[in-house]
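S.K.: Next up is a structure, given as structure tokens.
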Amino acid sequence: MTAPAKIKQEVSSLREEIEYHNRLYHSLDAPRIPDADYDALLLRLQRLEEIYDLATPDSPSNRVGSAPLTQFVQVDHEIAMLSLDKVSDTKELRDFEKRIKKRLGVKKHVTYSCEPKVDGVAVSLLYQDGILLRAATRGDGKTGEDITHNVKTIRCIPLKLKGLKHSTRLEVRGEIFISKSGFERLNERGKREGKKVFVNPRNTAAGAVRQLDPKATAKIPLEMFCYNVGVVDGLKLPTSLAELFAELSAYGLPVNPDRKTVKGIDGCLTYCSSLLSKRNDLIYEIDGAVIKVDDLYAQQALGQNSKSPRWAVAYKFPAEESSSRVLEVEFQVGRTGTITPVARLDPVFVGGVTVSNTTLHNMDEIKRLGLRIGDSVIVRRAGDVIPKIVYVLNSEENNNHNEIIPPSHCPACDSPVEKDGDVLLRCSAGITCPAQKKESLKHFASRAAMDIVGLGSKLIEKLVDVALLDSVADIYELKIEKLAVLDRLGPKSSQKLIQAIEKSKTTTLPRFIFALGIREVGEATALALVKYFGDIESIANASTEELEKVEDIGPIVAQHVSAFFSNKHNLSLIQKIRNSGVQWPHFDTKSTRKPLNGKTFVLSGTLETMPRNEAKAILLSLGAKVISSVSKKTDILVAGPGAGSKLSIAKELGINIYDEREFLSFLDDLR
Ligand code: IVH
């Protein structure tokens, strides 16, 4: 049927409106119409095109998805789709640069294009005369599969390029992926509809591009970043990658905004460090950075090996997820009596460290995961965040796995367990519970508290078990002769321990307040209390109203502090400790000194004695700047275990590095 002018007009404005929403869809903050309204526009367009025979290959109606295929057609890549060589440390990256300079015969800095290595699926898009003709998977690099029907449903991929002339062929390559939020939305929708939950964005994207039915693909929020070109006919390319990206973007193709052009390998290292620290905040998942020689002539001169180009390399970041098995779930009693379920795992290397335990927080979390003992699980450790179980892999077929039952009695002292709020469990015994006692002692002796070297967890447990320690004050009553009852502790070690206990007697007031283990009083709060009140007597005598005047102290913490110092037992304990010679220098509250003014710190890895936000709060209160990525401007990197690439980059850049102990004594010297 020939279309009346009115219909042609409607079709054209529908196309414009849909393309407008397609563009909005990809800028995060832009308002969007609800998916249902968008779908309605598409369906109307599709109907009109069908009735009046107005369909074109570049019409957005293609986004709905054509009829399902019965099988995939193979596609031979005219130019092979290569993969990348990998490097995993700074030395290997420097070797890469050496090879390049040698081959190119240059001495000065090479310019590089640094890009996130998006974790998705590689695809090739072939545009003929500016119209999307064919999309294909990478396959084995030589032969892939035709996935045009699916790719046409991806909103950010233009069906027609802007401003491209006739008689041109342009093959664009890039990565199709699902954003983190898109993936979450997908799974939330799936849960609501009782469908199976997808394991991770990458696998979901890979599955989605290889659907025979494009209508199924259209339901997955796929996106793409273009990062390379293949076949180019009838048009002249620019001479650098930076310009090429600008050109691709001008054609309407999506390119990654987080890429950067830098000078020399040091620039690449700084980029990698910054990318790594931004990793959690990126809207898509990455598994590393890609470093490419920016000059396209130089790329040509460098050529390729059998499978990979010589002008690019992938700097791999540690995998953030890995699978393991829950061997057991134990209930641990903390210093203040909270009982926390902890999963014992088959040890697994994830996020740069080996993980064999992970907290499950509370019973609600166990319920949410549907976790049972024996389950295979996905463990995630992203950045320096504590590892967690994010997904149970085999929940359907685990009928013979054991359910996790919360204890009715404290696993350490058998006292009844009380509920604290809706989800927390607490041992009702208080400090007479040996587990609480042991945890308080461990906390008191720990590095960030009294720092009694040699008085570690195992020894404390022994000493409590043989009744040599009952309260923290008993630590200062320990004598070499008393220690002789412990068979594992020789005279030399005993001597050393007694010396360490002696040494710990000279401390600082913030450390001592922190060591007391008052609920919710971490290091930063202890420091804030001391800064405000100056001495322990004033803290102990302060009313809750006065306590609340201290920065960052709210009613709950004020209540905990006040309750602690109202307890006669605690006061006599403090007296006893002070009588045994524990002392600290006077703290000058008048001083507004900011000794770390102008200094920039980066914290990386796990700090055993304090959460990193505590360390950050302390540094900030001393005037320092705390940033997340290492660069030449960083003064000090504080590196705990698992510091990984930031540590190696800091070493490369010759930045001062403190381990945790050095950091703590550095702080002591300042306050
Ligand atoms: S360039 C010849 N750039 O990593 C160079 N690849 O093994 C081709 N990838 O198959 C790849 N982000 O799927 C390049 N910015 C990026 C990338 C990237 C992700 C993937 C791609 C490729 C694999 C390399």
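S.K.: For residue 575 and residue 203 in the same chain, what is the full-extension length gain: residue separation times 0.36 nm, less their Cα-Cα distance, in nm?
M.R.: Length gained, residue 575 through residue 203: 127.8 nm.
S.K.: Between Rg and the Kirkwood Rh of the stretch 98-165, both from Cα atoms, what is the Rg to Rh ratio? Can you show the working numbers first?
M.R.: Details: Rg = 17.4 Å, Rh = 15.1 Å.
That ratio is 1.15, to two decimals.
S.K.: Rounded to whole Å and ordered largest first, report the semi-axes of the equivalent ellipsoid of the chain derived from its Cα gyration tensor (root of 5λ).
M.R.: 58, 30, 24
S.K.: What is the angle, in °, between the Cα long axis of helix 568-579 and the longest principal axis of the Cα atoms in the chain? Nearest 10 is fine, range 0 to 90.
M.R.: 80
S.K.: List the residues of the stretch 199-236 whose backbone N lies under 16 Å from a point placed 7 Å from the Cα of residue 70 along the Cα-to-Cβ direction.
M.R.: Flagged as within label range: 212-213.
S.K.: At a 10 angstrom cut-off on C-beta neighbours, averaged per residue, how do the peptides 35-42, 107-114 rank from highest to lowest?
M.R.: 107-114, 35-42
S.K.: Under a crude label model (7 Å from the Cα following the beta-carbon direction), how far is residue 662 from residue 338 in nanometres?
M.R.: 3.3
S.K.: How high is the FRET efficiency between residue 162 and residue 215 when r is their beta carbon distance and R₀ equals 41 Å, given to the nearest 0.05?
M.R.: On the way: r = 28 Å, r/R0 = 0.68.
Plugging the Cβ-Cβ distance into 1/(1 + (r/R0)^6) gives 0.90.
S.K.: Report, to the nearest 10°, how far helix 491-504 tilts away from the longest principal axis of the Cα atoms in the chain, using its own Cα long axis and a range of 0 to 90°.
M.R.: That works out to roughly 80 degrees.
S.K.: A further question on this structure: Given points 7 Å out from each Cα along the Cα-Cβ axis, report the residue 58 to residue 1 separation in nanometres with one decimal.
M.R.: With each label point 7 Å from Cα toward Cβ, the separation is 2.7 nm.
S.K.: Applying 1/(1 + (r/R0)^6) with R0 = 22 Å to the Cβ-Cβ distance of residue 432 and residue 408, what FRET efficiency is obtained, to the nearest 0.05? Please report the intermediate quantities before stating the final value.
M.R.: Details: r = 19 Å, r/R0 = 0.85.
Efficiency, from the Cβ-Cβ distance: 0.70.
S.K.: Quick check for you: with a 1.4 Å probe and neighbouring chains kept, what is the accessible area per residue of the chain, in Å²?
M.R.: 49
S.K.: Next up: If packing is taken as the average count of other Cβ atoms within 10 Å, what order do 450-463, 216-229, 74-87, 576-589 fall into, highest mean first?
M.R.: Result, highest mean Cβ count within 10 Å first: 216-229, 450-463, 74-87, 576-589.
S.K.: Share of the stretch 548-671's accessible area from carbon and sulfur, percent, 1.4 Å?
M.R.: 49
S.K.: Right, here's the next one. I need the calculated FRET efficiency for the pair residue 599 and residue 505, taking r as the beta carbon distance and R₀ as 25 Å, to the nearest 0.05. Display every interim value, and only then the final one.
M.R.: Working: r = 31 Å, r/R0 = 1.22.
Working from the Cβ atoms, E equals 0.25.
S.K.: Still on this model: Could you order 320, 477 so the one with the most accessible surface comes first? Probe is 1.4 Å.
M.R.: I get 477, 320, largest accessible area first.
S.K.: Lone cysteines in the chain, defined as no other cysteine's Cβ under 4.7 Å from theirs: which are they?
M.R.: If one checks each Cβ against the other cysteines of the chain, 114, 156, 226, 268, 272 turn up with nothing under 4.7 Å.
S.K.: Also: So for the pair residue 304, residue 365, with labels modelled 7 Å out along Cα→Cβ, what separation do we get in nm?
M.R.: About 4.6 nm separates the two model spin labels.
S.K.: Over the stretch 603-671, consider all pairs of different Cα atoms and compute the Kirkwood hydrodynamic radius from their mean reciprocal separation; express it in Å, one decimal.
M.R.: One decimal place: 12.2 Å for the Kirkwood radius.
S.K.: Roughly speaking, what is the centre-to-centre gap between the stretch 483-525 and the stretch 618-643 when only Cα atoms are used, to the nearest Å?
M.R.: Spelled out, the Cα-based centre of one part sits 27 Å from the other.
S.K.: Calculate, axis by axis, the spread of Cα positions in the stretch 142-191 along the three principal axes, and write the results as whole Å, longest axis first.
M.R.: Cα spread of the stretch 142-191 along its principal axes, largest to smallest: 48, 29, 17 Å.
S.K.: Not counting ligands, DNA or RNA, and with a 1.4 Å probe, what is residue 422's accessible surface area in Å² rounded to the nearest 10?
M.R.: Accessible surface of residue 422 is approximately 130 Å².
S.K.: DSSP loop GluC sites (Glu not before Pro) in the stretch 606-665 with at most 14 other Cβ atoms within 10 Å of their Cβ, which ones? Don't skip to the end; give the middle numbers.
M.R.: Numbers: sites: 608, 614, 652, 660, 662; in loops: 608.
Within the stretch 606-665, the qualifying GluC sites (Glu not before Pro) (loop, at most 14 other Cβ atoms within 10 Å) are 608.
S.K.: Turning to a different aspect of this structure: Relative to the first principal axis of the alpha-carbon coordinates of the chain, what is the inclination of helix 434-445, with its axis defined by its Cα atoms, in degrees from 0 to 90 and to the nearest 10?
M.R.: That helix lies at roughly 90 degrees to the long axis.
The values are calculated or read from the model by the stated rules, or taken from the named source; none is laboratory data. Quick caveat, the model's predicted, so the values are computed rather than measured. Here Cβ is always computed from backbone atoms with ideal geometry, including for glycine, and neighbour counts include all displayed protein chains. Remember, those area values only see protein heavy atoms, side chains included, never the ligands or the DNA or RNA. Shrake-Rupley method; radii C 1.70, N 1.55, O 1.52, S 1.80 Å.
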